[in-house]
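Enquirer: One structure is given below, represented as structure tokens, and several questions about it will come after.
The values are calculated or read from the model by the stated rules, or taken from the named source; none is laboratory data. The structure displayed is predicted, hence computed values, not measured ones. When we count neighbours, we look across all protein chains shown, and the Cβ atoms used for this are built from the backbone with ideal geometry, even at glycine.
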Amino acid sequence: MSITSDLLRGHTDTIILAGLFTGDSYGYEINKAIQQKTNGRYELKEATLYSAFRRLEEAGDISSYWGDETTGARRRYYTITETGRETYTRLMAEWKSAKAMIDSLIELEEKKNG
Amino acid sequence: MDEKLRRYVEGLFVDVPQNKSMIELKEEMIQNLKEKYEDLIQEGKTEEAAYNIAIAGIGDISELINDLDKTKEEAGNTDKQKSAMLTSVAVMLYILSIVPILLSLQSYHIFDGLIGFIVIITFATGILIYNGQIKQKYYRADDTMVEEFKEWQKKRADKTKARISISVALWSIIVALYFIISFSTFAWHISWTIFILGIAIEALINIFFIIKK
């Protein structure tokens with residue numbers, strides 16, 4: 001499990017960009033979606049989430065605005081920018097090639113041992 | 001329970017300066033925690049359990065707070081430095097504005113000297129007005145009366161500053177015009193009335209500010 005969460009943590013930016021790719025969202029909604037997609041096995045710490053938001057915003061990958069909810073506190077929404085979409089595509093390509101590489105390395109190792 | 005969550009988050013931010021990005025982060029956290037808490041209650045958790053789960057999900061926020069603290073401090077300092085520099089330049093220009101007049105007195109081209117004087121004064125005043133415009137707005141820390149008052153106070157001070165800048169510009173121009181007209185027409189007996197005109201314009205500006213309020 002710790003390998004899994006370490007791996008996942010390394011892809012926080014990609015996960016958030018993927019969550020925003022199809023539409024604007026806010027912190028809790030993004031985290032809830034992550035939880036649902038992983039059947040409750042994974043969820044980001046809020047500190048990790050906000051750090052990632054600030055980092056991505058500084059890099060110009062996302063931008064934020066306050067919602068106009070009439071009741072209660074306002075939500076801070078995030079939008080993916082054009083740069084963000086490019087970053088997502090690049091990170092996705094990197095992950096795919098890394099995944100293929102790791103797969104081939106691990107499978108080869110297993111065969112030798114077997 | 002909303003208050004309890006708010007108090008907990010406020011506690012995390014107790015030792016840090018309340019600048020804009022810090023307050024925004026705090027509000028964002030509180031809002032997200034509230035929604036999480038409400039969802040947990042809906043799932044059938046007890047209030048106590050829901051509160052604890054929500055709080056446990058925050059993780060270590062101290063590093064993020066430190067980062068925000070540093071970046072904002074730097075930004076605030078450069079703003080102040082910029083503002084101080086602009087003010088110094090404007091004051092320097094006001095002092096230097098006398099130079100063309102002094103030079104022109106020697107060469108008997110008093111008219112050119114006055115034009116130089118007006119140009120410099122206008123420029124300096126422009127800088128002062130610009131400086132007044134770029135000053136940061138006061139950002140309300142919360143929705144209390146005190147904060148509202150502070151914001152109002154800051155707004156009023158900004159307005160006063162803009163008015164003073166306009167006044168300075170107006171009177172500089174009037175003095176310059178007085179000399180230009182007097183030296184070029186030698187109608188000294190009548191040219192002083194321009195100051196009465198100045199008072200009238202000043203009064204109109206005052207009325208404008210009052211109406212705008």
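Enquirer: Please report, ordered by residue number, the helices (runs of 4 or more DSSP H) entirely within segment B:41-123 with at least 2 residues that are of a type outside the set (Gly, Ala, Ser) and not assigned by TED's automatic domain parsing to the domain that holds B:Ser165.
Expert: Once the helices (runs of 4 or more DSSP H) in segment B:41-123 are filtered for at least 2 residues that are of a type outside the set (Gly, Ala, Ser) and not assigned by TED's automatic domain parsing to the domain that holds B:Ser165, what remains is B:47-56, B:62-96.
Enquirer: Separate question: Show the residue pairs meeting these rules: Cβ distance below 8 Å; 6+ apart or different chains; first residue within segment B:6-26 and more than 12 Å from B:Ile65 (Cβ to Cβ); second residue in a helix (DSSP H, G or I).
Expert: B:Arg6/B:Ile30; B:Tyr8/B:Ile55; B:Glu10/B:Lys26; B:Lys20/B:Lys72
Enquirer: Let me ask something additional. Within segment A:47-77, take every residue that is within 13 Å of the chain's Cα centre (by Cα) and not polar (S, T, N, Q) and give me the one that is nearest to the other protein chains (Cβ to nearest Cβ).
Expert: If we take residues in segment A:47-77 being within 13 Å of the chain's Cα centre (by Cα) and not polar (S, T, N, Q), then A:Tyr50 is nearest to the other protein chains (Cβ to nearest Cβ).
Enquirer: Given the structure, is B:Ser83 touching a residue at least 24 places away in the same chain (Cβ under 8 Å), facing chain A (nearest Cβ under 10 Å) and polar (S, T, N, Q)?
Expert: No; evaluated as a whole, the condition is false for this residue.
Enquirer: Given the condition crowded, with 17+ Cβ neighbours inside 10 Å, over 25 Å from A:Ala98 (Cβ atoms) and either touching a residue at least 60 places away in the same chain (Cβ under 8 Å) or within 11 Å of another protein chain (Cβ to nearest Cβ) (or both), answer yes or no: does some residue in segment A:15-23 qualify?
Expert: Within segment A:15-23, not a single residue is crowded, with 17+ Cβ neighbours inside 10 Å, over 25 Å from A:Ala98 (Cβ atoms) and either touching a residue at least 60 places away in the same chain (Cβ under 8 Å) or within 11 Å of another protein chain (Cβ to nearest Cβ) (or both).
Enquirer: If I ask for residues that are on the phi < 0 side of the Ramachandran plot and either facing chain A (nearest Cβ under 7 Å) or out of contact with any helix residue (DSSP H, G or I) (no Cβ under 7 Å at 6 or more places or on another chain) (or both), which ones from segment B:51-64 would you list?
Expert: B:Asn52, B:Ala56, B:Gly57, B:Ile58, B:Asp60, B:Ile61, B:Ser62, B:Glu63, B:Leu64
Enquirer: Can you pull out every residue in segment A:31-68 that is within 14 Å of A:Tyr88 (Cβ to Cβ) and aliphatic (A, V, I, L, M)?
Expert: The answer is A:Ala52, A:Leu56, A:Ala59, A:Ile62.
Enquirer: Turning to a different aspect of this structure: Picking from B:Glu35, B:Glu48, which residue would you name as being away from chain A (no Cβ under 14 Å) and more than 30 Å from the chain's Cα centre (by Cα)?
Expert: So the residue among B:Glu35, B:Glu48 that is away from chain A (no Cβ under 14 Å) and more than 30 Å from the chain's Cα centre (by Cα) is B:Glu48.
Enquirer: Then there's this: Give the residue, chosen from B:Leu105, B:Leu93, that is modelled with pLDDT of 70 or more, surrounded by fewer than 14 Cβ atoms within 10 Å (Cβ to Cβ) and of a type in the set (A, V, I, L, M, F, W, C).
Expert: Of B:Leu105, B:Leu93, the one residue that is modelled with pLDDT of 70 or more, surrounded by fewer than 14 Cβ atoms within 10 Å (Cβ to Cβ) and of a type in the set (A, V, I, L, M, F, W, C) is B:Leu105.
Enquirer: While we're on this one: Would you be able to tell me the number of residues in segment B:1-36 that are of a type in the set (S, T, N, Q) and within 19 Å of A:Asp68 (Cβ to Cβ)?
Expert: Final tally of qualifying residues: 2.
Enquirer: Is there a residue being β-branched (Val, Ile, Thr) and within 12 Å of another protein chain (Cβ to nearest Cβ) anywhere in segment B:4-12?
Expert: yes
Enquirer: Would you pick out the residues in segment A:23-48 that are in contact with a strand residue (DSSP E or B) (Cβ under 7 Å, 6 or more places away or on another chain) and of a type in the set (Phe, Trp, Tyr)?
Expert: Selection gives A:Tyr26 alone.
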